[in-house]
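One structure is given below, encoded as structure tokens.
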Amino acid sequence: MQIEQLKQLVLDTLADMKARDVSVIDVRGKTAVTDFMVVASGTSDRHVKALAQTVAFRAKDAGESPLGSEGVNEGEWALVDLNGVVV
């Protein structure tokens with residue numbers, strides 16, 4: 001999957017899940033860690049957890065398994081590393 005397609009999958013998933021304040025930061029050429037960072041807010045710990053889990057599930061379903069995730073169990077914050085896109 002191309003990086004732009006992966007970014008769009010993430011954005012579509014966040015929109016479907018009604019994430020708030022979604023921002024995309026293009027970090028290509030600024031870091032070797034990733035190409036895009038996507039930052040979004042949820043309305044509760046449960047919502048944040050659901051956002052992260054759904055992003056990871058849909059990415060995996062599309063053939064892009066997450067490299068890892070952090071904070072998902074607590075739900076106060078979460079990070080999903082999809083290699084070219086960090087959410």
Task: Exposure of Arg58 as accessible area (Å², to 10), given a probe of 1.4 Å and all protein chains - done: 80
TODO: Answer with a single label: of [x] 12.7; [y] 15.9; [z] 13.1, which was calculated as Kirkwood radius over Cα pairs in Å from the structure in view?
DONE: [x]
Task: Solvent-accessible ranking of Met1, Met17, largest area first, probe 1.4 Å - done: Met1, Met17
TODO: Give a residue-ordered list of calculated ³J(HN,Hα) values for the range 14-31 (Karplus: 6.51 cos²θ - 1.76 cosθ + 1.60, θ = phi - 60°; whole Hz; x for Gly, Pro).
DONE: 5, 5, 4, 8, 6, 5, 10, 6, 6, 10, 10, 10, 7, 10, 4, x, 10, 8
Task: Calculated [θ] (222 nm, deg cm²/dmol) that DSSP helices of n ≥ 4 give over the chain, each run adding -39,500 (n - 2.57) - done: -11500 deg cm²/dmol
TODO: Please give, to one decimal in nm, the separation of the simple spin-label points placed at Ser65 and Thr43, each 7 Å out from Cα toward the Cβ.
DONE: 3.5
TODO: Any lysines with Cα under 23 Å of the Lys30 Cα? List them, leaving off those in the same chain fewer than 8 positions away.
DONE: Lys7
Task: Net charge dipole size for the chain [Lys, Arg +1 and Asp, Glu -1 on Cβ; Debye, nearest 20] - done: 80
TODO: With everything on Cα atoms, drop me the angle between helix 45-61 and the longest principal axis of the chain, reported from 0 to 90° to the nearest 10.
DONE: 40
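The values are calculated or read from the model by the stated rules, or taken from the named source; none is laboratory data. Remember, predicted model here, so these are calculated numbers, not experimental data. Cβ: placed from backbone, ideal geometry, glycine included. Neighbour counts: every protein chain shown. These accessible areas exclude ligands, DNA and RNA; they are computed on the full protein's heavy atoms, side chains included. Shrake-Rupley method; radii C 1.70, N 1.55, O 1.52, S 1.80 Å.
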